[in-house]
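Enquirer: Submitted below is the structure of interest, expressed as structure tokens.
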Amino acid sequence: MTSKKGFSSTSVHGVGERDKMGSVVTPIYQTSTFFFESAEDGARCFAGESDGYIYTRLGNPTIDEFEATVAALEHGFNGIATSSGMAAVNTVYLTYLGQGDHVVCHNALYGPSRGILETAYPRFGVESTFVDTTDLKNVEQAIRPTTRLIFLETPANPTIGICDLNAISELAHRYGIKVCVDNTFCSPYLQNPLDLGADIVLHSLTKFINGHADIVGGIVVPKSQEDYKKLNYTMTNFGFNMDPHQAFLARRGLKTLGIRIDRAQQNAMKVAEYLESHAKVAWVKYPGLPSHPQFELGKRQMRGPGAMISFELKEGYEAGRKLMNHVKFCVLAVSLGGIETLIQHPASMTHSKLSKEAKEVGGITQGLVRLSIGIEEAEDIIGDLEQALEKA
Ligand code: LCS
């Protein structure tokens, strides 16, 4: 899918035909199935010789319009919308990994994206290695003759580490390995992994793309038609499909993605600077701060620093819990990427199920706090953190 228009023009208007009934907004085709005009028409649909719809798990106009728009924003072949971000992750794992295969991952992936490789996939003979992929040497050392996939998050959840997508993709392709990037933290507004060499990009739509904390959803966008066919086969046959109503809400959220991120990252910069100067804070990780270890790489690879901040409290785990109990304006909740500022403590929440060792290796330190900055007034976010930090 391509669009010659600018980002927000594409996100608002999409790339397809306007609705034939004159609806300005793509209607919700809330149907599980579609009728055929005749037996011959049905046969043509099943043979793939017509564009007609058959059954919503296989395709639906509301979902298709959303998929095509995200694919245009990610510069991919087409999108495959899924019921959740985890369904998108598993669509990729199940497409490229089988008995005897190996995957190299960033060691600070979203908890379940890592956890499922450690618990369920070994039952099917899949092996995984988790390394700090912000260092290219570690990726090269982890590659085996059986490696089929490199799976990355950049910036990663929640350590905000940034991986060099050009360099890793170039390395992977020398060995015939596919590269998939979970682009949830950036959204296509700030980063296009397919332009940086990756083969597949995915999102938890639950976050920035939908942006209003009212649905769970995911999407996979491959660069090539060949990968699209394989991934779409997995999605439809495992039943990971999105629902038309979910697609409608995600599509509505997508329209304002650009202006929401512009505003949220302006706030995030102010909050990050405030936190970096606070006596109780050991360090702050934010791609917009020169102190970020991959600050220069982030500037090259991303069109903006985003709205996700992690910071470490000097007093560790207990201080983290106290801070959570004293915020009043920032919402104590997991998830991210919405219009409201959310705060959470990974060691006791999103990453609590990881072993102590996995937490240490993945950089999930005891006093780590993750902020997803919203579009409110920066002064109110900072004011709330100020009063809560006093008590932490
Ligand atoms: N990828 C990333 C980077 C995520 O942050 C999440 C969810 C997922 C995939 C899975 O998406 P879902 O199935 O939830 O749509 N991250 C969450 C988080 O940090 N807190 O709660 C959920």
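Enquirer: Does any residue of region 17-24 turn out to be in the same structural domain as Pro244 (by TED's automatic domain parsing), under 30 Å from Ser187 (Cβ atoms) and open to solvent by less than 100 Å² (accessible area, probe 1.4 Å)?
Expert: There is at least one residue in region 17-24 that is in the same structural domain as Pro244 (by TED's automatic domain parsing), under 30 Å from Ser187 (Cβ atoms) and open to solvent by less than 100 Å² (accessible area, probe 1.4 Å).
Enquirer: Could you please give the count of residues in region 176-202 that are over 14 Å from the mean Cα position of the chain (by Cα) and open to solvent by 10 Å² or more (accessible area, probe 1.4 Å)?
Expert: Of the residues in region 176-202, 6 are over 14 Å from the mean Cα position of the chain (by Cα) and open to solvent by 10 Å² or more (accessible area, probe 1.4 Å).
Enquirer: Are any residues in region 47-92 in a strand (DSSP E or B) and either more than 20 Å from Pro188 (Cβ to Cβ) or not assigned by TED's automatic domain parsing to the domain that holds Val216 (or both), and if so, which ones?
Expert: The answer is Tyr55, and nothing else.
Enquirer: Sort through Leu152, Leu165 and tell me the only one that's of a type outside the set (Ser, Thr, Tyr), under 18 Å from His292 (Cβ atoms) and touching a residue at least 60 places away in the same chain (Cβ under 8 Å). If you could, list the steps in order and put the result at the bottom.
Expert: Values: Leu152 fails: touching a residue at least 60 places away in the same chain (Cβ under 8 Å).
Answer to the selection: Leu165.
Okay, residues lined up against (1) in the same structural domain as Gly161 (by TED's automatic domain parsing); (2) closer than 26 Å to Ala388 by Cβ; (3) part of a helix (DSSP H, G or I):
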residue: Thr184; (1), (2), (3): yes, no, no
residue: Lys207; (1), (2), (3): yes, yes, no
residue: Asn210; (1), (2), (3): yes, no, no
residue: Leu249; (1), (2), (3): yes, no, yes
residue: Ile261; (1), (2), (3): no, yes, yes
residue: Met269; (1), (2), (3): no, yes, yes
residue: Ala272; (1), (2), (3): no, yes, yes
residue: Trp283; (1), (2), (3): no, yes, no
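Enquirer: How many of the residues in region 134-156 are more than 25 Å from Leu336 (Cβ to Cβ) and among the polar types (S, T, N, Q)?
Expert: 4
Enquirer: Would you please list the contacts, defined by Cβ atoms under 6 Å and residues six or more apart or on different chains, that run from a residue in region 266-290 that is surrounded by 15 or more Cβ atoms within 10 Å (Cβ to Cβ) to a residue that is assigned to a loop (DSSP other than H, G, I, E, B) and among the aromatic types (Phe, Trp, Tyr)?
Expert: Taking only residues 6 or more apart or on different chains, the pairs are Ala272/Tyr286.
Enquirer: What are the residues in region 359-392 that are more than 16 Å from the ligand (Cβ to nearest atom) and of a type in the set (Gly, Ala, Ser), if any?
Expert: Within region 359-392, Gly367, Ala378, Gly383, Ala388, Ala392 qualify.
Enquirer: Follow-up question, since we're still on this one. Condition first: in a loop (DSSP other than H, G, I, E, B), away from the ligand (no atom under 12 Å from the Cβ) and not aliphatic (A, V, I, L, M). Now tell me which residues in region 186-205 satisfy that.
Expert: Gln191, Asn192, Gly197, Asp199
Enquirer: Go through (1) buried (at least 23 other Cβ atoms within 10 Å of the Cβ); (2) farther than 29 Å from Leu385 by Cα for Gln225 and report which single condition fails.
Expert: All conditions pass for Gln225, except number (1).
Enquirer: I'd like the full set of residues that are in contact (Cβ under 8 Å) with a residue 40 or more places away in the chain and within 11 Å of the ligand (Cβ to nearest atom), limited to region 93-114.
Expert: His106, Ala108, Leu109, Tyr110, Gly111, Ser113, Arg114
The values are calculated or read from the model by the stated rules, or taken from the named source; none is laboratory data. As the structure is a computational prediction, the values presented were derived from the model and not from experiment. Neighbour counts run over all protein chains shown; Cβ positions are idealised from the backbone, glycine included. Quick note on the areas: whole protein, heavy atoms, side chains included, nothing else; ligands and nucleic acids left out. Shrake-Rupley method; radii C 1.70, N 1.55, O 1.52, S 1.80 Å.
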